[in-house]
Amino acid sequence: MTNPTVIIGAGFAGLFTALHLCHKHYARPVILIDQAERFVFKPLLYELLSNEMTTDQVSPRYEELLSCSNITYVQDLVTDVDLNKRTVELASGLCYNYDNLVLTLGSKANYFHTEGAAENAFSFRNSDSANKLKKHLRSCLQRASQTKNDLERRSLLTVSVVGGGPAGIEMALTLADLLPEWYAPLGGNIAEIRVVIINRSQEILKGDINSHLQTTVHKAMAKRTVAVELESQAAVKAVSPQSVEYEQDGELKQLSCQTTIWTAGNDVNPLIKNLSIPEDLRDRSGRLQVASTLQLSSFPEVFAAGDCAYTDAHLPSTAQVAYQQGAAIAHNLSALIKGAPLKPAAVHLRGTMIKLGLGEGAANIFDRFIVAGQVGHLIREGTYLELLPNSVHNFKATTQWLTDEIFHHHHHQIHQRQSAITLGHR
Ligand SMILES: Cc1cc2nc3c(=O)[nH]c(=O)nc-3n(C[C@H](O)[C@H](O)[C@H](O)COP(=O)(O)OP(=O)(O)OC[C@H]3O[C@@H](n4cnc5c(N)ncnc54)[C@H](O)[C@@H]3O)c2cc1C
């Protein structure tokens with residue numbers, strides 16, 4: 001008897017594996033399992049926070065994305081995976097046997113055992129966390145506009161963002177424009193708002209694919225409605241609802257703030273941690289080592305991709321890597337059925353984009369040009385909007401942005417608009 005192909009985790013890697021399988025008229029039934037009802041387009045979560053986009057745009061329902069007859073979407077929490085028995089167990093009690101399995105469970109926040117961080121810091125990884133943060137910030141501003149206590153007001157108006165990587169930068173710069181926009185109509189003094197990035201290393205964006213944007217980001221930090229502050233070489237020691245404590249220059253310091261947002265690291269999904277895969281086939285954070293074809297060496301019927309796996313190519317944990325790996329897995333699953341040779345996943349890093357506040361962004365095209373300011377913002381949003389997965393019937397539009405074409409398209413546009421914008425060679 002043939003068992004289905006089971007995909008667990010319908011994020012960038014898992015969803016795009018399923019969409020590509022559908023497009024290829026894959027001959028086996030596919031079970032796509034995710035705990036959530038909606039796909040999360042994480043690069044646009046800031047737009048959800050700022051109301052620049054709606055939940056339906058940033059986080060469409062899987063039902064709307066998948067209308068392929070041989071793909072069954074199951075909304076459930078995966079509780080156990082047994083690679084030896086080839087079974088996947090769900091919280092509802094359902095259990096699936098598989099012939100092929102795709103592990104695309106992503107990552108979770110890593111609090112590095114920091115006291116109080118998991119309980120008191122806000123995470124920012126899905127639409128629920130974006131909406132929770134929005135509600136909390138609005139409440140802080142309303143309370144700040146009414147309190148007579150100066151210390152309390154300052155603490156309500158101070159936001160600390162832990163981590164100076166791309167997620168921390170995008171968050172801090174967005175808030176430095178957004179909070180004044182929300183506070184001014186309440187009659188508050190926007191000059192009292194503080195947004196402070198607390199970064200462990202000396203440099204922001206250290207070791208990140210966006211690290212060459214440091215100068216652009218520093219300029220943007222200073223230009224926000226309220227300037228973004230930076231505490232460098234500062235190791236966070238504890239987070240409470242009222243403050244964040246960090247060590248800097250050998251001194252323990254405390255910042256009084258009623259909002260701490262944690263963006264400092266990724267940890268491997270607990271299900272991936274619990275798999276019967278030895279330590280020598282994982283990296284330090286527990287991610288699974290996969291061959292260039294994205295198969296596990298000890299279980300070649302199993303593929304893994306996105307944030308929960310790594311290859312010798314040492315690609316960054318990003319959406320653009322994950323969705324391209326999804327296409328490669330779909331190709332290889334189809335090849336397996338036909339008895340054709342499997343291909344190594346080809347992942348092209350064509351450029352990066354970063355949000356630098358409301359209506360401002362930077363796009364790094366082909367790793368050769370940096371476009372900053374409003375045009376950078378338009379390229380970023382335009383690219384992502386084209387990237388948002390629609391119904392699989394609209395497959396070409398859905399995935400076209402995933403190809404080089406989108407960058408060629410923008411590349412030409414940029415040349416046409418060169419006179420109007422700042423375009424710098426790296
Ligand atoms: C705020 C933020 C901004 C980002 N911005 C960018 C950006 O601008 N550019 C970029 O390239 N990358 C960006 N990233 C990184 C990017 O989103 C990730 O690298 C990408 O989502 C990884 O894809 P994935 O498929 O591995 O995992 P994910 O997209 O995280 O998907 C994992 C899926 O698994 C599901 N899942 C997990 N555990 C279970 C379980 N036990 N049972 C059932 N389902 C489960 C989850 O619900 C989720 O849908 C950003 C990330 C964040 C958090």
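Readers should treat all values here as calculations from the given coordinates under stated rules, not as data from a laboratory. Everything quoted here is computed from the prediction, not taken from an experiment. Quick reminder, even Gly has a Cβ in these numbers, built from the backbone with ideal geometry, and neighbours come from all protein chains shown.
Sort segment 70-185 into rounded, prolate or oblate with this rule: let a ≥ b ≥ c be the square roots of the eigenvalues of the Cα gyration tensor; rounded if a/c is under 1.5, and if a/c is not under 1.5, prolate when a/b is larger than b/c, oblate otherwise. Prolate, since a/c reaches 1.5 and a/b exceeds b/c.
The residue among Tyr62, Val74, Cys140 whose Cα reaches farthest toward the positive pole of the charge dipole of segment 56-142, with charges on the beta-carbon of Lys, Arg, Asp and Glu, is Cys140. Each Lys and Arg Cβ is given +1 and each Asp and Glu Cβ -1; about its Cα centre, segment 132-173 then shows a dipole of about 260 debye.
Relative to the Cα centre, the charge distribution of segment 117-264, modelled as +1 at Lys and Arg Cβ and -1 at Asp and Glu Cβ, gives a dipole magnitude of about 440 debye.
Here is the size of segment 139-206 from its Cα atoms: Rg then Dmax, 13.2, 41 Å. Quotient of the Cα radius of gyration of segment 31-109 and 2.2 N^0.38 Å, N being its number of residues: 1.30. Along segment 80-95, what does the Karplus equation 6.51 cos²θ - 1.76 cosθ + 1.60 (θ = phi - 60°) give for ³J(HN,Hα), rounded to whole Hz, x for Gly and Pro? Coupling constants for segment 80-95: 7, 10, 10, 5, 6, 8, 6, 10, 10, 9, 10, 4, 6, x, 5, 9 Hz. Applied to segment 294-308, the Karplus parametrisation 6.51 cos²θ - 1.76 cosθ + 1.60 on θ = phi - 60° returns per-residue 3J(HN,Hα) values of 6, 8, 6, 5, 8, 9, x, 7, 10, 10, 9, 7, x, 5, 9 Hz, with x for Gly and Pro. Name the shape class, rounded, prolate or oblate, that the alpha-carbon gyration tensor gives for segment 68-112, where a ≥ b ≥ c are the square roots of its eigenvalues, rounded holds for a/c under 1.5, and otherwise prolate holds if a/b is larger than b/c and oblate otherwise. Since a/c reaches 1.5 and a/b is larger than b/c, the shape of segment 68-112 is classed as prolate.
Over all directions, the average projected area of the alpha-carbon convex hull for segment 235-333 comes to how many nm²? Kindly include the intermediate steps, with their values, before the conclusion.
On the way: hull surface 35.8 nm².
Mean orientational projected area (segment 235-333, Cα hull): 8.9 nm².
In terms of surrounding Cβ atoms within a 10 Å radius of their Cβ, Met1, Met53 rank from fewest to most as Met1, Met53.
Taking 20 Å as the straight-line reach from the Cα of Lys253, the lysines in range (excluding those fewer than 8 positions away in the same chain) are Lys237. Looking at this model, which pairs from Lys42/Lys132; Lys108/Lys343; Lys132/Lys206; Lys85/Lys108; Lys206/Lys355 are more than 20 angstrom apart at the alpha-carbon? Over 20 Å apart, Cα to Cα: Lys108/Lys343; Lys132/Lys206; Lys85/Lys108.
Arranged from fewest to most other beta-carbon atoms within 10 Å of their beta carbon, Tyr111, Tyr323 become Tyr111, Tyr323.
Among Ile354, Ile277, what is the fewest-to-most ranking by other Cβ atoms within 10 Å?
Going from sparsest to densest Cβ surroundings: Ile277, Ile354.
Under a straight-distance cross-link criterion of Cα-Cα below 20 Å, which lysines are reachable from Lys338, leaving out those fewer than 8 residues away in the same chain? Result set, ordered by chain and number: Lys24. Start at zero, step by 10 Å, and the Cα-Cα distances of segment 93-154 spread as 15, 26, 28, 18, 7, 6, 1 percent across the bins. Is the C-alpha gyration tensor of segment 136-263 telling us rounded, prolate or oblate? Criteria: a/c under 1.5 is rounded; beyond that, a/b larger than b/c is prolate, otherwise oblate. In terms of gyration-tensor shape, oblate.
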